[in-house]
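To start, the structure under review is shown below, and the notes come after it.
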Amino acid sequence: MIDRRGILIIDDDPAVQRVVASALAGDYTVHAASSGEDGLAELAGWLTGAQAVDRVDEARAELAIRGLTV
């Protein structure tokens, strides 16, 4: 079995999710979320323990730097 990398698509438009997922499905295991909060929850589900908390906090901080909130 080939271990494929995962990619997370976050967009509130299901049509955009489908188009992007279709384009990437050949090379990645595609996951989708319809909001930033759902995306962070999905990300946390991929990780374990303190690693999950650290990564989600890093993602939130990066978004804050860019003027975005989740």
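Points to keep in mind about this one:
- Cβ-Cβ distances below 6 Å connect the following pairs, each with a first residue in the range 52-65 that is within 11 Å of Ala41 (Cα to Cα), a second residue that is at pLDDT 75 or above and part of a helix (DSSP H, G or I), and a separation of six or more residues or different chains: Ala52/Ala44; Val56/Leu40; Val56/Ala44.
- Residues located in the range 4-51, provided they are at pLDDT below 85 and part of a loop (DSSP other than H, G, I, E, B): Arg4, Arg5, Leu47, Thr48
- In the range 6-37, of all residues being among the charged types (D, E, K, R) and more than 17 Å from Glu62 (Cβ to Cβ), the one that is least open to solvent (accessible area, probe 1.4 Å) corresponds to Asp11.
The values are calculated or read from the model by the stated rules, or taken from the named source; none is laboratory data. Quick caveat, the model's predicted, so the values are computed rather than measured. All Cβ positions, even for glycine, are placed from backbone atoms using ideal geometry, and neighbour counts span all protein chains on display. Quick note on the areas: whole protein, heavy atoms, side chains included, nothing else; ligands and nucleic acids left out. Shrake-Rupley method; radii C 1.70, N 1.55, O 1.52, S 1.80 Å.
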